[in-house]
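One structure is given here, and the rest of the page talks about it.
The values are calculated or read from the model by the stated rules, or taken from the named source; none is laboratory data. Owing to the predicted nature of the structure, the values given are computational and were not obtained by experimental measurement. When we count neighbours, we look across all protein chains shown, and the Cβ atoms used for this are built from the backbone with ideal geometry, even at glycine.
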Amino acid sequence: MQAQRVVLDSGSTDQTETIAKSFQNVVWCERTFDTHGAQWEYGIRQTGITSEYVLALDADMQVTAEFLQELENDFPFGQAAGGITPFEYRYHGSALAGSLCPPQLRLFRRNEVSISQPDHTQRFSVDGEIYRFRNRLTHDDRKPVDRWVASQVSYQLLIEQGLSNGRRRRLRDHLRRAGLMPPIVGALAYLKAGGPFRGAAAARYAYERMTSESILAVLLMDAKLQRKSEQ
């Protein structure tokens, strides 16, 4: 049976709809974006998907031939509850050596997946056996800088709310509250991405990670100063 391909769009103004509908096996759906968790709940539960398993991809993710071959030949369908996939991160086609982002659960049984949103994005989880893919999916970021900055402000506001109420107590959270994370993350991201061996792609990744942490640091410091002024 031919695989279902569902595209859930949140308001594209380019040729996305035309391109998607040119493929006979694509189901086109639209929903105004509110949160990542709610968007994925709708996409998985309310778009007519009938397959046992779902491979959940963002718009900037691509399936490689090697990943597809491993999925078809090695993944234990009917036995595993899901599969965790590593990623090769790219900027406009230029690959990084690595990233700070861990592998993610992206393949799962549709009727058994739970979707939560602990921070700015969704998290998939299942109970049962988990398969770990050897081959990677591709995550190629091509969004404009102004859109990226706007997204980061909204994302970091959500993280700041969680940190300000004191419910997060990991080392990373303490460093964030102290305002120390931007330079630490920037250095780690640059080295992980390949440093000078990956040129502008590694540098951009480092600056992006440092910028997002700097936005969060400013929000946390601002909240702290406001609380102090109200005492």
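Glu88 meets the stated requirement of being in contact with a strand residue (DSSP E or B) (Cβ under 9 Å, 6 or more places away or on another chain), surrounded by 15 or more Cβ atoms within 10 Å (Cβ to Cβ), in the same structural domain as Asn135 (by TED's automatic domain parsing) and of a type in the set (Asp, Glu). Out of all the residues in the stretch 28-38, is one or more of a type in the set (Val, Ile, Thr), under 15 Å from the mean Cα position of the chain (by Cα) and either exposed (fewer than 14 other Cβ atoms within 10 Å of the Cβ) or not in a strand (DSSP E or B) (or both)? The answer is yes; a qualifying residue exists. Filtering the stretch 28-48 to residues that are at pLDDT 95 or above and among the β-branched types (Val, Ile, Thr) leaves Thr32, Ile44, Thr47.
Among the residues of the stretch 8-19, are any more than 21 Å from the chain's Cα centre (by Cα) and surrounded by 11 or more Cβ atoms within 10 Å (Cβ to Cβ)? Reasoning before the result, please.
To start, the set of residues in the stretch 8-19 that are more than 21 Å from the chain's Cα centre (by Cα) comprises 13-15, 17-19.
Pick out the ones that are also surrounded by 11 or more Cβ atoms within 10 Å (Cβ to Cβ) and you get 17, 19.
Yes, the stretch 8-19 has at least one match.
Criterion applied to Met221, Met181, Met210 was being on the phi < 0 side of the Ramachandran plot and touching an Asp or Glu at 6+ places or on another chain (Cβ under 7 Å), and the one residue passing it is Met181. If only residues of the stretch 180-212 that are of a type in the set (Phe, Trp, Tyr) and within 25 Å of Leu158 (Cα to Cα) are counted, the one that is surrounded by the most Cβ atoms within 10 Å (Cβ to Cβ) is Tyr205.
Among all residues of the stretch 92-104, there is at least one that is in contact (Cβ under 8 Å) with a residue 40 or more places away in the chain and in a strand (DSSP E or B). Output the residues belonging to the stretch 212-231 that are without any contact (Cβ under 8 Å) to a residue 60 or more places away in the chain and β-branched (Val, Ile, Thr). Val218 - this is the single residue of the stretch 212-231 that is without any contact (Cβ under 8 Å) to a residue 60 or more places away in the chain and β-branched (Val, Ile, Thr).
In the condition set (1) under 25 Å from Asn111 (Cβ atoms); (2) in contact (Cβ under 8 Å) with a residue 40 or more places away in the chain; (3) in contact with a strand residue (DSSP E or B) (Cβ under 9 Å, 6 or more places away or on another chain); (4) surrounded by 11 or more Cβ atoms within 10 Å (Cβ to Cβ), Ser51 is compliant with all but (3). Within the stretch 111-131, residues that are acidic (Asp, Glu) sit with their Cβ atoms under 8 Å from residues that are surrounded by 13 or more Cβ atoms within 10 Å (Cβ to Cβ) and part of a loop (DSSP other than H, G, I, E, B), at 6+ positions apart or across chains, in these pairs: Glu112/Ala81; Glu112/Val126; Asp127/Ala81; Asp127/Glu112; Glu129/Ala80; Glu129/Ala81. Pairing each residue of the stretch 143-168 that is more than 13 Å from Ser212 (Cα to Cα) with any residue that is of a type in the set (D, E, K, R) and at pLDDT below 85, provided the two are 6+ apart or on different chains, yields C-beta distances under 9 Å for Gly162/Asp119; Gly162/Arg168.
Filtered by the rule that a residue be within 27 Å of Ser12 (Cα to Cα), modelled with pLDDT of 95 or more and small (Gly, Ala, Ser), the stretch 55-73 gives a lone residue, Ala56.
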